[in-house]
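Have a look at the structure below before the remarks.
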Number of protein chains: 2
Amino acid sequence: MTQPRFDQSGKGSNPGPVTSAEESFGSKLVRRWEGSLFLCVGLDAQADRLPSGLSHLGPEEGLFEFNRGIIEATAPYAAAFKPNLAFYEQSGPPGLTALRRTGDWLRSRHPQIPILIDAKRGDLASTNEAYATAVFSYYGADATTVQPFLGAESLAPFLNRADKGVFVLCRTSNPGGGELQNLSVGPAAEPLYLHIARLAAGPEWNRQGNVGLVAGATYPQELGLIREAAPGLPLLIPGIGTQGGDLEAVLTNGLDADGAGVLINASRSIIYASSGPDWASAAGLEAARLATALREGRDRVMEARRKYT
Amino acid sequence: MTQPRFDQSGKGSNPGPVTSAEESFGSKLVRRWEGSLFLCVGLDAQADRLPSGLSHLGPEEGLFEFNRGIIEATAPYAAAFKPNLAFYEQSGPPGLTALRRTGDWLRSRHPQIPILIDAKRGDLASTNEAYATAVFSYYGADATTVQPFLGAESLAPFLNRADKGVFVLCRTSNPGGGELQNLSVGPAAEPLYLHIARLAAGPEWNRQGNVGLVAGATYPQELGLIREAAPGLPLLIPGIGTQGGDLEAVLTNGLDADGAGVLINASRSIIYASSGPDWASAAGLEAARLATALREGRDRVMEARRKYT
């Protein structure tokens with residue numbers, strides 16, 4: 001049996017099955033990688049941190065106009081946009097309407113850039129149907145993040161969506177992430193996060209070739225072990241920027257054999273680059289700087305790999 | 001150091017610290033247990049499953065009126081009400097407005113019955129601040145459910161809320177829940193779910209005495225081990241009714257030393273007891289039947305414990 005898998009060649013030859021007329025997440029992502037784009041722009045806008053020029057608009061208009069400004073300034077440098085649902089949810093329906101309008105805007109103006117909604121959902125299968133409907137149908141995401149704790153059986157409503165990307169939490173970037181994730185499990189006594197990486201890459205979880213992993217930039221060594229355990233899976237890597245992860249170490253450990261396979265996320269360091277009237281252009285400059293650093297870093301890593309292997 | 005803990009005596013002598021003028025979750029819950037109420041009514045309404053008499057109202061009015069009917073019919077038998085956020089989220093802002101109105105209704109008409117919003121959230125600490133704001137401040141929950149995967153450090157915005165209940169997923173009721181939860185971990189080679197039960201009951205996670213556990217009715221033996229590992233923690237036990245868990249086995253294994261400590265949830269078997277015009281009264285009858293079965297079952301279990309110990 002040939003298992004469908006995420007295209008990691010950067011050539012777009014096998015972006016995975018597509019179940020709707022719209023282009024699949026895998027196909028969109030591979031085309032961004034072909035353009036040497038690896039930066040994921042985290043749209044984590046908060047209603048109480050809007051620039052002063054937008055704060056009079058109220059949460060729905062304010063959050064939407066802020067996102068629109070950030071998107072227009074950063075789109076040329078973005079491999080993907082990643083709103084975290086929490087920041088919209090805390091403002092109630094107006095915040096969530098702003099998120100939906102952000103998705104509509106992205107799909108109509110930048111249909112080539114995938115939208116990854118960071119929701120970290122995970123419930124029983126029957127309940128996950130409702131969460132998958134919310135994230136994919138209501139908010140129009142191309143991909144999302146999920147909790148592994150209830151197992152593959154519970155995640156079927158996500159995993160069955162061949163056209164959508166499903167990033168499974170593996171080793172998170174927070175200081176206390178290791179409390180459970182580093183426990184050694186099973187007869188092999190390997191850390192839980194590596195066990196999850198192997199499961200996620202295996203035929204039960206990844207039967208549609210649409211699975212990726214979330215692995216924090218703040219633990220580059222562990223990132224390297226995850227890459228070894230799941231050589232073909234796209235990695236969503238948060239934790240550079242404000243959280244302090246080291247770009248060079250992240251690329252060395254996270255890039256796949258073809259010099260792609262990573263979505264490296266920065267949120268606050270881009271969207272709050274300036275709180276003055278230049279907030280949008282400052283976000284664009286920071287995104288450009290990071291995107292260039294990632295492309296040049298990737299080239300250095302691949303050059304070094306060619307030399308030493 | 002005396003660690004504050006959940007009151008399990010059923011006497012309400014130490015319901016935990018209260019940080020606001022409103023009564024804490026722990027105090028409300030203990031008073032329901034004092035009334036021999038153990039049934040948690042799951043308000044998992046779906047806009048596409050509303051009774052025909054309500055389906056013309058649209059999702060916001062329809063979901064709210066359905067919940068209001070279920071609440072009024074079942075309140076005398078309910079230890080708590082538990083809406084699962086997923087079912088509201090899938091309808092977008094109208095669904096979420098219905099949830100907020102349901103919370104407002106409950107607080108004004110039945111302030112003695114705690115509202116447990118089943119959200120299963122779990123993200124970085126800074127992001128969990130936003131989720132805690134949503135669930136506690138925006139939707140007005142007295143308690144919620146959380147994912148353990150990112151560790152206690154990430155859960156601080158929930159765990160620090162002494163006035164709110166925080167139910168940590170431990171052993172979930174779904175058929176595939178054991179895929180990760182039954183992995184043996186650490187030097188003691190105990191299953192992950194038991195390791196989590198011990199952590200949750202310990203001084204780092206439960207420093208405010210507000211932690212509970214989610215343990216499925218479909219695995220009564222494992223429920224018994226969880227009760228041993230966490231003798232003083234309230235257990236939220238889903239999986240009776242539609243999922244088929246056995247009431248007697250659940251009570252035998254889940255009740256604490258004082259014959260309390262459990263919130264046994266039924267959702268679909270109550271709220272969809274009838275799809276005809278008698279949907280509300282049918283829900284009331286089913287809730288009454290279950291509440292009686294739980295009270296009588298509790299009495300039998302405690303009688304048997306008295307005889308055999």
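Numbers below:
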| read-out | value |
| --- | --- |
| Complete set of residues in the stretch B:161-182 that are more than 7 Å from every other protein chain (Cβ to nearest Cβ), crowded, with 24+ Cβ neighbours inside 10 Å and part of a loop (DSSP other than H, G, I, E, B) | B:Lys164 |
| Which listed residue, of A:Trp279, A:Trp205, is in contact (Cβ under 8 Å) with a residue 12 or more places away in the chain, hydrophobic (A, V, I, L, M, F, W, C) and open to solvent by less than 20 Å² (accessible area, probe 1.4 Å) | A:Trp205 |
| Matching residues, the stretch B:115-136, being free of Cβ contacts under 8 Å to residues at least 12 places away in the same chain and either more than 8 Å from every other protein chain (Cβ to nearest Cβ) or in contact with a Leu (Cβ under 6 Å, 6 or more places away or on another chain) (or both) | B:Ser126 |
| Residue match in the stretch B:145-160 (condition: open to solvent by less than 10 Å² (accessible area, probe 1.4 Å), in contact with a helix residue (DSSP H, G or I) (Cβ under 7 Å, 6 or more places away or on another chain), under 30 Å from B:Arg100 (Cα atoms) and among the charged types (D, E, K, R)) | no |
| Residue satisfying condition, being surrounded by 22 or more Cβ atoms within 10 Å (Cβ to Cβ) and charged (D, E, K, R), within set A:Glu303, A:Glu286, A:Glu296 | A:Glu286 |
| Residue under evaluation B:Ala291, criteria (1) more than 19 Å from the chain's Cα centre (by Cα); (2) open to solvent by less than 40 Å² (accessible area, probe 1.4 Å); (3) in contact (Cβ under 8 Å) with a residue 60 or more places away in the chain, criterion not met | (1) |
| Residue among A:Asn84, A:Asn67 that is under 23 Å from A:Glu23 (Cβ atoms) and either of a type outside the set (A, V, I, L, M) or in contact (Cβ under 8 Å) with a residue 24 or more places away in the chain (or both) | A:Asn67 |
| Residues that are within 21 Å of B:Thr127 (Cβ to Cβ), in contact (Cβ under 8 Å) with a residue 60 or more places away in the chain and more than 14 Å from the chain's Cα centre (by Cα), drawn from the stretch A:228-276 | A:Gln243, A:Gly245, A:Arg268, A:Ile270, A:Ile271, A:Tyr272, A:Ser275 |
| Check on A:Val185, without any contact (Cβ under 8 Å) to a residue 40 or more places away in the chain, open to solvent by less than 30 Å² (accessible area, probe 1.4 Å), more than 13 Å from A:Thr172 (Cβ to Cβ) and of a type in the set (A, V, I, L, M, F, W, C) | yes |
| So A:Tyr139, is it within 9 Å of chain B (Cβ to nearest Cβ), aromatic (Phe, Trp, Tyr), more than 15 Å from B:Tyr131 (Cβ to Cβ) and open to solvent by less than 20 Å² (accessible area, probe 1.4 Å) | yes |
| Among (1) more than 17 Å from B:Ser274 (Cβ to Cβ); (2) of a type in the set (Gly, Ala, Ser); (3) modelled with pLDDT of 95 or more - the single one B:Gly42 does not satisfy | (1) |
| Top-ranked residue in the stretch B:188-202 [being more than 10 Å from every other protein chain (Cβ to nearest Cβ) and assigned to a loop (DSSP other than H, G, I, E, B); ranked as most open to solvent (accessible area, probe 1.4 Å)] | B:Ala188 |
| Residues that are under 17 Å from A:Arg161 (Cβ atoms) and open to solvent by 40 Å² or more (accessible area, probe 1.4 Å), drawn from the stretch A:208-222 | A:Gln208 |
| Selection count, the stretch A:22-59, where residues are assigned to a helix (DSSP H, G or I) and either more than 14 Å from chain B (Cβ to nearest Cβ) or free of Cβ contacts under 8 Å to residues at least 40 places away in the same chain (or both) | 16 |
| Top-ranked residue of the stretch B:239-257 - restricted to ones that are assigned to a loop (DSSP other than H, G, I, E, B) and modelled with pLDDT under 95, ranked as surrounded by the fewest Cβ atoms within 10 Å (Cβ to Cβ) | B:Gly244 |
| Answer residue from the stretch A:263-307, given it is among the charged types (D, E, K, R) and touching a helix residue (DSSP H, G or I) at 6+ places or on another chain (Cβ under 7 Å) and is nearest to A:Thr252 (Cα to Cα) among those | A:Arg298 |
| Unique residue being among the charged types (D, E, K, R) and open to solvent by less than 20 Å² (accessible area, probe 1.4 Å) when the list is B:Glu89, B:Glu34, B:Glu129 | B:Glu89 |
| Pair list, Cβ under 8 Å, 6 or more apart: the stretch B:143-155 residue at the interface with chain A (Cβ under 9 Å from one of its Cβ atoms), other residue of a type in the set (Ser, Thr, Tyr) and open to solvent by less than 10 Å² (accessible area, probe 1.4 Å) | B:Phe149/A:Thr172; B:Leu150/A:Thr172; B:Ser154/A:Thr172 |
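Matching residues to (1) buried (at least 24 other Cβ atoms within 10 Å of the Cβ); (2) on the phi > 0 side of the Ramachandran plot; (3) polar (S, T, N, Q):
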residue	(1), (2), (3)
B:Ser52	no, no, yes
B:Thr102	yes, no, yes
B:Pro114	yes, no, no
B:Asp118	yes, no, no
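The values are calculated or read from the model by the stated rules, or taken from the named source; none is laboratory data. In this text the structure is predicted, and so the values were computed from the model without any measurement. We place every Cβ from the backbone using ideal geometry, glycine too, and count neighbours over all the protein chains shown. Accessible surface is based on the protein model in full, side chains and every heavy atom, while ligands, DNA and RNA are left aside. Shrake-Rupley method; radii C 1.70, N 1.55, O 1.52, S 1.80 Å.
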